[in-house]
1. What tally of residues in the stretch 211-241 results from selecting those that are touching a strand residue (DSSP E or B) at 6+ places or on another chain (Cβ under 7 Å), in a loop (DSSP other than H, G, I, E, B) and closer than 25 Å to E419 by Cα?
2. Look at E156 and say whether it is over 27 Å from C319 (Cβ atoms), assigned to a loop (DSSP other than H, G, I, E, B), of a type in the set (D, E) and at pLDDT 95 or above.
3. Would you confirm whether or not the stretch 453-466 contains a residue that is modelled with pLDDT of 85 or more, in contact with a helix residue (DSSP H, G or I) (Cβ under 6 Å, 6 or more places away or on another chain) and not in a loop (DSSP other than H, G, I, E, B)?
4. Are any residues in the stretch 252-299 assigned to a loop (DSSP other than H, G, I, E, B), modelled with pLDDT under 65 and small (G, A, S), and if so, which ones?
5. What's the number of the condition D387 fails, among (1) exposed (fewer than 15 other Cβ atoms within 10 Å of the Cβ); (2) at pLDDT below 65; (3) under 28 Å from S455 (Cβ atoms)?
6. Given the condition hydrophobic (A, V, I, L, M, F, W, C), farther than 19 Å from Y467 by Cα and buried (at least 17 other Cβ atoms within 10 Å of the Cβ), answer yes or no: does some residue in the stretch 284-297 qualify?
7. Could you grab me the full set of residues in the stretch 313-327 that are assigned to a loop (DSSP other than H, G, I, E, B) and within 21 Å of Q195 (Cβ to Cβ)?
8. Could you please find all residues in the stretch 328-374 being modelled with pLDDT under 75 and outside any strand (DSSP E or B)?
Amino acid sequence: MALERERERESRNLRKIEEREGLYSKNRPLFICTTKVRQGRSVNSFSGITLIALVVTIVVLLILASVSITVVFGDNGILQLAKEAGEKTNEAMQNDKENIGNATNYIKSLSWDTTKVTAVTTKDGAIVPVPKGFVGSEVDGENTIKDGFVIYENTEGQNLNWKADENGDGILDVQQDCNQFVWVPADGVSLEYKQDKETWKDQAYTYNESEDNWKDEEKLYEREESVERYGGFYVGRYEAGVPESINYGETTKYTDKAKAENRNKSEVEEKDLPASKKGLQSWNYISQENAKALSEKMYEGSKSVTSRLIDSYAWDTICHWFSNSGINVTDSTSWGNYVDADSGENVNGLYSKHSLTYKPWGWTVNEGNYGKGQVEFNARTGSGTQDVYELATGISERNKAKNIYDFAGNMFEWTTETEELTDSHTEKDYEKSAGTYVVLRGGGFNCSGKTNSASLRDGSGDNKIAYHINGSFRPVLYVNV
């Protein structure tokens, strides 16, 4: 009995030691076991975590990591939400500018000369001065500032049919019959009317080098006063078109109607005035001097507007307008008629297919014939001989931005800007001698949309020399002050 009491006493003492050291529990879990020696006896000691707890911990960490990655990088993650927030902020800022611009135009409209313009409210709430002799479009997609507000010439004041298409060619009769212009909202808030020699000069082919020599200030104060008072100006919706070309047949040869001596007369007459209508041959083989004279004669004597050849201020302002809306003006391949455009589009209307041959010294265009019908466009490779297509004005919806057609590609376009070179020098990869050069913008159907984009500025030739098969022009309108 004494021996049993001694053993029980030792057992109680051992439990007290274990309890003091935290090693004893009535419901002791399964721990990883080590062995300690106390008072000459081996004692089980337990430390660490269970395997199950370890696995659970790892799984939880993986889940948390997965959740964190999803929260940060997922479709609705932090980064995506931050991006969307930034985009919405920029959109809100642009909307604020547009709203301020609309309010500014409303205030300006209170002092507009009502003998020259009619204040018209667009479908998106802007106030636009529509010159006398013109009416605002009632065609869907042509009556908002966002899409490009279009006016139609209507000097007789007749009721225009906004839906008729008697020829069934997809071109409304009113678009074939009336000159059209698009309002550029240069209100000084959302868009400034200005010449810009810096923004794109390192991104456009032949842009830099001599930009300080470009001059374009003829009667600038008159244009600036008009834009300031009325909040913008109008630009030709299309490249200048040859009026009689609407009657071109399938067998009409290109040189029959468009050769230099027919299209580049030294004296222009009223019957020779260009048209800003859909489906016409672009007026090419023309000098800058004659393009300027023709543009000024379009609305000569009008009490409401002054017409002139587009200038660098208007061109650069339009480039900014496009760029502000996410339209790429430094690589216009996706929305212009260029040799490397790949739209897969079936174009229906008047066009001319030319053969383009690349040679070591440059390209050669072999003139083709005009035809009417459908043609499918695919990208060309830029080597050997290939077909390129000169399109009639406005027949490709792909080549439209803000309801303005062919601002990029199809035809190089003259502006009133000149480039004075006093010394021979090399610009990019070719030489220019001293002299006066006139400036072309926008690129042509035989060019690349990246190297000859909408923002292109290139001095080329004397103002009295007719440009090539791929050169045309575009008139603009300023409301008279």
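1. First, the residues of the stretch 211-241 that are touching a strand residue (DSSP E or B) at 6+ places or on another chain (Cβ under 7 Å): 213-216, 218, 223, 226-227, 230, 232-241.
Within this subset, residues satisfying the condition of being in a loop (DSSP other than H, G, I, E, B) are 216, 218, 232, 237-240.
Filter once more, so that each one left must be closer than 25 Å to E419 by Cα: 216, 218, 239-240.
Total satisfying the criteria: 4.
2. Values: over 27 Å from C319 (Cβ atoms): yes; assigned to a loop (DSSP other than H, G, I, E, B): yes; of a type in the set (D, E): yes; at pLDDT 95 or above: no.
Here the answer is no, as E156 does not meet what is asked.
3. no
4. S266
5. If we test D387 against (1) exposed (fewer than 15 other Cβ atoms within 10 Å of the Cβ); (2) at pLDDT below 65; (3) under 28 Å from S455 (Cβ atoms), just (2) comes out false.
6. So in the stretch 284-297, the residues hydrophobic (A, V, I, L, M, F, W, C) come out as 286, 291, 293-294.
This time we only want the ones that are farther than 19 Å from Y467 by Cα, so: none.
No, that holds for no residue.
7. In the first step, residues of the stretch 313-327 are kept if they are assigned to a loop (DSSP other than H, G, I, E, B); the result is 325-327.
Within the stretch 313-327, S325, I327 qualify.
8. Scanning the stretch 328-374 gives D342, S343, G344, E345, P360, W361, E367, G368.
The values are calculated or read from the model by the stated rules, or taken from the named source; none is laboratory data. All figures in this text were calculated on a predicted structure; none of them were measured in a lab. Note that we place each Cβ from the backbone using ideal geometry, even for glycine, and neighbour counts take in every protein chain shown.
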